[in-house]
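Trainee: Sharing a structure below in structure tokens format, with a few things to ask.
The values are calculated or read from the model by the stated rules, or taken from the named source; none is laboratory data. Since the model is a prediction, treat every value here as computed from it, not as a measurement. With ideal geometry, Cβ positions are generated from the backbone for all residues, glycine too; neighbour counts draw on all protein chains shown.
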Amino acid sequence: MFGSSKKTIELAEAVNEQAVVGRSLWRDAYDRFTSNKAAMVCVATLGCIVLFTLAGPFFAVWDNETIDWTAMGDVRGLGAPSVESGHFFGVDDLGRDLYSRVIQATTTSLLVGLIGAAMALIVGTLYGIVAGYLGGRIDGLMMRFVDILLAIPSTLVIILLLVVAGRSFIMLFVALGAVSWLSMARIVRGQTLTLKNRDFIEAARAAGVGEFTIMIRHILPNLLGVVIVYASLLVPEMILAESFISFLGLGISEPYTSLGALIAEGAGTMAYGTLWQLLFPLFFYVTIIITMFFIGDGLRDALDPKDR
Amino acid sequence: MLGYSIRRLLAAIPTLLLLIAASFVLIQVAPGGPFTSERPLPPQVLANIEARYGLDQPMWKQFWDYLYNIVFHFDFGPSFKFKDRDVNDIIAQGFPISLTYGFLSFLAATSVGVTLGVAAAIRHNTWIDYFAVSLGIAAQALPNFIMGPILILVFTLYLGWLPGGGWNGGAWPYLIMPVIALSTSYMGSIARITRSSMLEVLNSNYIRTARAKGIPERQIIWKHAMKPTLLPVVSYLGPVFVYVLTGSVFVDIYFSTGGLGQAYVGSALSRDYSVLLGVTILYGGLTVLVNLITDLAYAWFDPKIRY
Amino acid sequence: MALFSVRDLNVSFTTQDGMIDAVKGVSFDIEAGDCLGIVGESGSGKSQTFMAAMGLMPKNGLATGSVQLMGREMLNVSIPELNSLRGRDISMIFQDPLTALTPHLKIVNQMEEVLRSHQGLSGRDAEKVALGWLDKVQIPEAKRRLDQYPHELSGGMRQRVMIAMAMLCNPKVLIADEPTTALDVTVQAEILDLMVGLQKEEGTAIALITHDMGVVARMCRDVHVMRHGEFVESGSVDEIFSAPKKDYTKSLLTAMPRLDSDDAPHAVAADAETLLNVDDVMVHFPIKQGRGLFSGTVLLKAVNGVSFDLRAGETLGVVGESGCGKSTLARAVLQLIPPTAGAVTWLGQDLVGLTSHALKSRRKDLQIVFQDPLASLDPRMTISASIAEPLRTFRPELTLAERKIEVAEMMERVGLDARMVNRYPHELSGGQNQRVGIARAMINRPKLVICDEAVSALDVSIQAQILMLLKGLQDDIGMAMIFISHDLSVVRAVSNRVMVLYLGRVVEMADRDALYDEPRHPYTKSLISAVPIPDPHLERTRQRLRIPGELPSPLDPKAALRFIPSRLTSDAAYQPRLKEVSSGHFVEEHDPLETLLDRPA
């Protein structure tokens, strides 16, 4: 009807060869992010820290459990950071090498942050999409449930859970995950609602695309932007929450530690002049949090610019 | 407005009930009771103790009695660990302290945060803006348990200006550090939210109209921009209040102020379930109340939501 | 010395893609009492010119040159200096009255602050002046309105308030930036008449920025045609319209469909079968209303009994103002919104109540093109993926290569360069995106296409192209079309038959020529008389038909009786019936026109 078949086949072939590559929104966001100097510096910094946790153990002289009896007797003097004694960061109050402990603590904190955020992301996103897309009564019920849970102060819940079920790695993740998926679910549901009413979803429906296919093909990719931004903000929050709990003595149990626990210990011995016990873990902690905040900000600016 | 308030109040009640029930159930299913300890007690003694605390009743009756006591007598029951004290006593002792510095921290965080955010937005892309944003981010990275040790390090150990702990009836040298430690990180987040909200408002069409009318800029900021700016801030303030409450747990422990936080963690570790339950319900109830207030404030700010 | 004088104005913006020059060296004067029209399409720089003059540019804008009001320089001066002129000697009103008023301040406060800043009036004195102006702009119940918030007023009333607010200090110059674009046709006519009246009484000079040549023909004395930041042609309104010199001006004038042009749409085959039968369809939405502890529900009758037929190859135009239910009707026909009552029969089968699976197979032949081209495309999908989606749904047997061929073919047909297959919607213009939407709708050769305000968001010249495209496709594929629009001229250009909707009911339906040449229903008459015609002489000598009163709310149960008020007293729930007054020409019952015109508002 619009010309002979042969002509259109030739046309299609020509098109494939000469087609211009489009500039997708992801590409735009990537460009914006990489041109954000502050964010890129933070990515580099964070990368260095990760490198440190991976490569650091190769340089360690002491492991993180062994007690150095000589240093323990005179923590203030012999336990100070020095290169000769092999205690690059000094020793803690029990004579254990702080360098290795800091590496182990940083790894723990980063893991907790990432895994906790990942769990919250998956659970929260699924819950939010289902609630937002189904709408109506089911949505109302699901969100009422979330609201009630949100009314309970999260730290109390975490403490409660940990006390009730005992302290272990698994329990820590469960407890953290149990409170953090809530706000993610709320945000994803809100975004789903907004998307659901957009014209292109109605267009897809009018074109006969099935509901489930619409959810996967159209809504999910458009949600990713928001999800990424809030997930990146979740990571420092997880680390914060875990550190807070460890500080209270309810977190990871020995011999594993996290930055929160180390800071607690360091804060306890501040008055005795062993400042390195506080400052080293503090430095790593603050650096990680600040870099993550900047990265999260950068991601938000990249994925959701208002000047479009 | 009145109808809206009443409806929201009514909706808050089931939330509260659910909260109490959930906490109650959670504690019941926990392994170990308040009286399991290293020394096994003879069964007769155990039975007597349980009878005294009403633990031998079926669960639903325990729950019902508990609820009844709370609603009609405001009585949270006896403490399991301290034989001569009621939960009410413990709460009455610690709560005013937590509330005092908690409220002051909330006030400080809000006022400083909003001021900083507005100043940054008005002077967008000047050094004030960059300074405020950096300050905000730095502050957010310094939560209470980080600020605490740093403050004591500087002000008590090095400078010797302020006492390192205690309450002393709330005299101001004992108040300052807890308040700063508790409020700093929220100051940062409130500042950033205020700033981005105001930037968005200042770009809106009605601000453009106001400028076209030749109204002085300061009047535009105060009369036209403030209320819409504060709208998202207000809805954030609800959770902030809750964070301040829970953060007070740390302050109590670290600064030994004798507030409720110490009682809470202590009861958690010693399995004094009635105290644990009482404090959880108290904090939960406060949260619900604050959320209600925030919702009402939100409606006051935005005339379109008056229903 | 001219009242308002612009010399060599340059406006540029710093963006991520570099410096963009929006206005390039523009110079013009406005004399006292003059009405100057600045006409151009989107991106021409017409708004930016005056934003710069009033000091309302965004932070990344840079303006050079000179703008003088009564000899005082306005460009790049300090804010306090600017504020002594803005709102007092020169005022501006904007396009979208809803977002242009501060939502949380009462009307009285927003008006009073102008008087306080510039004339030192406040309290009772200010209120009196404000009331006086509200009366002058013909707002009913002015005293009550003062105490209300902007969202409690209708669009037309908000714009009147804006005009009153702008005139409070009797400015010498009033700048109107697309003041009526967001308003209904009848409301637009009233606002324009109001402005003409004000100009005569107060002697204010008006600078009217618009894209609508008809509005220019009605209001303006002198005209500048603007394109890409420069003036293309300037002259008196008669010169421009009767003897345009530049090609661009000519193309602007000819592109617009006119009410009085005499082209004919293609004819429908005499033996064409009836494809679609819509019988007494109703769509009612329950709305929560009421304050206090208990809220009741009221029914919003968006569509309240509409019936029509559609034959193969025929185009039915659906016309009405906002709230008339035309978009809801379209969605009810396609079962995107389930009708509350009535039957929709497609090819002999009732669509209402079909399972979604059964419905899906019908959708192949029932397609829709939306109003906002960018919003109707998934921003994360390439345009070829969007166009290919109906193929994936209905012809799953096609291979990837075969799909690509079909898509390329369709793109060429709708006028898109096939090499753009991998582009994303945000990289294309509005017109190009609408072509994508049309390609997507047509790729399965549907039997019925509904165009829901498909050209309303486009520039005039692009509108013309898209209309031609639609007509061409209809000739090729032979589909039936339902063309929904608020723009009577556009509807006239494409339709065989036209249906006029008012508050969810059909008030008149007839063949195209019959409706436009001999309208019967008062509403149709007022609609037609309100559309501006791009011919200054015709436009200024026309009789304006104005039915008193505002468009009532669809929730008002008496709304249906607006044109038959004689029944109000006898039977307030009466539903006027549709009567056939001559072959194929249906009109709803109404009172005679004279009776309606005599009623108070």
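Trainee: What do you reckon, is C:ALA418 at pLDDT below 90, surrounded by fewer than 23 Cβ atoms within 10 Å (Cβ to Cβ), among the small types (Gly, Ala, Ser) and under 30 Å from A:ALA29 (Cβ atoms)?
Mentor: Considered against the rule, which asks whether it is at pLDDT below 90, surrounded by fewer than 23 Cβ atoms within 10 Å (Cβ to Cβ), among the small types (Gly, Ala, Ser) and under 30 Å from A:ALA29 (Cβ atoms), C:ALA418 comes out as yes.
Trainee: Can you name the number of the only condition in (1) within 19 Å of A:PRO255 (Cα to Cα); (2) in a loop (DSSP other than H, G, I, E, B); (3) among the aliphatic types (A, V, I, L, M) that A:VAL102 fails?
Mentor: (2)
Trainee: Within the group C:THR315, C:THR345, C:THR328, which residue is polar (S, T, N, Q) and in contact with a Lys or Arg (Cβ under 8 Å, 6 or more places away or on another chain)?
Mentor: C:THR315
Trainee: Now for a different question. (1) over 23 Å from B:PHE145 (Cβ atoms); (2) at pLDDT below 85: which one isn't true of A:ILE216, the others all being true?
Mentor: Among (1) over 23 Å from B:PHE145 (Cβ atoms); (2) at pLDDT below 85, the lone unmet condition for A:ILE216 is (2).
Trainee: It is to be established whether one or more residues within the stretch B:214-236 are more than 30 Å from B:ALA121 (Cα to Cα) and of a type outside the set (Val, Ile, Thr).
Mentor: no
Trainee: I need the full set of residues from the stretch C:72-87 which are surrounded by 14 or more Cβ atoms within 10 Å (Cβ to Cβ), assigned to a loop (DSSP other than H, G, I, E, B) and within 12 Å of chain B (Cβ to nearest Cβ), in order please.
Mentor: Once the filter is applied, which keeps residues that are surrounded by 14 or more Cβ atoms within 10 Å (Cβ to Cβ), assigned to a loop (DSSP other than H, G, I, E, B) and within 12 Å of chain B (Cβ to nearest Cβ), the stretch C:72-87 yields C:MET74, C:SER84, C:LEU85, C:GLY87.
Trainee: Test of understanding: among C:ILE443, C:ILE482, C:ILE438, C:ILE450, which residue is buried (at least 24 other Cβ atoms within 10 Å of the Cβ) and farther than 20 Å from C:GLY317 by Cα?
Mentor: C:ILE443
Trainee: Exactly one condition in (1) under 21 Å from B:VAL242 (Cβ atoms); (2) facing chain C (nearest Cβ under 10 Å); (3) not small (Gly, Ala, Ser) is not met by B:ILE193; state its number.
Mentor: (2)
Trainee: Let me ask another. Of all residues in the stretch A:194-209 being outside any helix (DSSP H, G or I) and facing chain C (nearest Cβ under 7 Å), which is surrounded by the fewest Cβ atoms within 10 Å (Cβ to Cβ)?
Mentor: A:ARG198
Trainee: Just one of the numbered conditions (1) within 27 Å of the chain's Cα centre (by Cα); (2) crowded, with 24+ Cβ neighbours inside 10 Å; (3) at pLDDT 90 or above is not true of C:ILE90; which one?
Mentor: The one condition C:ILE90 does not meet is (1).
Trainee: Only one of these conditions is not met by B:SER134: (1) within 14 Å of another protein chain (Cβ to nearest Cβ); (2) buried (at least 18 other Cβ atoms within 10 Å of the Cβ); (3) of a type outside the set (D, E, K, R). Which number is it?
Mentor: (2)
Trainee: With closer than 26 Å to A:LEU240 by Cα, of a type in the set (Asp, Glu) and in contact (Cβ under 8 Å) with a residue 12 or more places away in the chain as the only criterion, which of B:ASP295, B:ASP302, B:ASP252 stands out?
Mentor: Going through B:ASP295, B:ASP302, B:ASP252 in turn, just one is closer than 26 Å to A:LEU240 by Cα, of a type in the set (Asp, Glu) and in contact (Cβ under 8 Å) with a residue 12 or more places away in the chain: B:ASP252.
Trainee: Hey, another quick one. Search the stretch C:167-191 for residues that are over 18 Å from C:ILE209 (Cβ atoms) and pair each with any residue that is of a type in the set (Ser, Thr, Tyr) and in a helix (DSSP H, G or I) when their beta-carbon atoms are under 7 Å apart and the residues are at least 6 apart or on different chains.
Mentor: C:THR186/C:SER526
Trainee: What single numbered condition from (1) facing chain B (nearest Cβ under 9 Å); (2) free of Cβ contacts under 8 Å to residues at least 40 places away in the same chain; (3) under 23 Å from the mean Cα position of the chain (by Cα) fails to hold for A:ILE290?
Mentor: Unmet for A:ILE290, out of (1) facing chain B (nearest Cβ under 9 Å); (2) free of Cβ contacts under 8 Å to residues at least 40 places away in the same chain; (3) under 23 Å from the mean Cα position of the chain (by Cα): (2).
Each row is one residue, and each column tells you yes or no for (1) farther than 28 Å from A:THR291 by Cα; (2) free of Cβ contacts under 8 Å to residues at least 60 places away in the same chain; (3) within 12 Å of chain A (Cβ to nearest Cβ).
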position: B:THR100; (1), (2), (3): yes, no, no
position: B:LEU104; (1), (2), (3): yes, no, no
position: B:VAL112; (1), (2), (3): no, no, no
position: B:ILE122; (1), (2), (3): no, no, no
position: B:ALA141; (1), (2), (3): no, yes, yes
position: B:LEU151; (1), (2), (3): no, yes, yes
position: B:LEU159; (1), (2), (3): yes, yes, no
position: B:ILE176; (1), (2), (3): yes, yes, no
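Trainee: Taking strands (runs of 3 or more DSSP E) that do not extend beyond the stretch C:200-240, which have at least 2 residues that are within 16 Å of C:GLY33 (Cβ to Cβ)?
Mentor: It comes to C:205-210.
Trainee: Still on this structure: Select from the stretch C:99-126 the residues that are facing another protein chain (nearest Cβ under 9 Å) and small (Gly, Ala, Ser) and write down the one among them that is surrounded by the most Cβ atoms within 10 Å (Cβ to Cβ).
Mentor: Among those that are facing another protein chain (nearest Cβ under 9 Å) and small (Gly, Ala, Ser), it is C:ALA100.
Trainee: Let me ask another. Here are C:VAL161, C:VAL187, C:VAL173: which of them is hydrophobic (A, V, I, L, M, F, W, C), surrounded by 22 or more Cβ atoms within 10 Å (Cβ to Cβ), out of contact with any strand residue (DSSP E or B) (no Cβ under 6 Å at 6 or more places or on another chain) and within 14 Å of chain B (Cβ to nearest Cβ)?
Mentor: None of the others qualify; the one that does is C:VAL161.
Trainee: Which of (1) facing another protein chain (nearest Cβ under 9 Å); (2) part of a loop (DSSP other than H, G, I, E, B) is the odd one out, the single condition B:THR257 does not satisfy?
Mentor: Just one mismatch for B:THR257, condition (1).
Trainee: From C:ALA375, C:ALA343, grab the single residue that is under 29 Å from the mean Cα position of the chain (by Cα), among the small types (Gly, Ala, Ser) and surrounded by fewer than 21 Cβ atoms within 10 Å (Cβ to Cβ).
Mentor: C:ALA375 is the lone residue from the list that is under 29 Å from the mean Cα position of the chain (by Cα), among the small types (Gly, Ala, Ser) and surrounded by fewer than 21 Cβ atoms within 10 Å (Cβ to Cβ).
Trainee: Determine which single condition C:VAL129 fails, assuming it passes every other condition in (1) part of a helix (DSSP H, G or I); (2) buried (at least 16 other Cβ atoms within 10 Å of the Cβ); (3) within 13 Å of chain B (Cβ to nearest Cβ).
Mentor: C:VAL129 satisfies all of (1) part of a helix (DSSP H, G or I); (2) buried (at least 16 other Cβ atoms within 10 Å of the Cβ); (3) within 13 Å of chain B (Cβ to nearest Cβ) except (3).
Trainee: Among the numbered criteria (1) in a helix (DSSP H, G or I); (2) touching a Leu at 6+ places or on another chain (Cβ under 8 Å), which one does A:ILE252 miss?
Mentor: For A:ILE252, the failing item is (1).
Trainee: Go through A:LEU233, A:LEU161 for me and flag whichever is touching a residue at least 60 places away in the same chain (Cβ under 8 Å), away from chain C (no Cβ under 14 Å) and either part of a helix (DSSP H, G or I) or surrounded by fewer than 19 Cβ atoms within 10 Å (Cβ to Cβ) (or both).
Mentor: Among A:LEU233, A:LEU161, only A:LEU233 is touching a residue at least 60 places away in the same chain (Cβ under 8 Å), away from chain C (no Cβ under 14 Å) and either part of a helix (DSSP H, G or I) or surrounded by fewer than 19 Cβ atoms within 10 Å (Cβ to Cβ) (or both).
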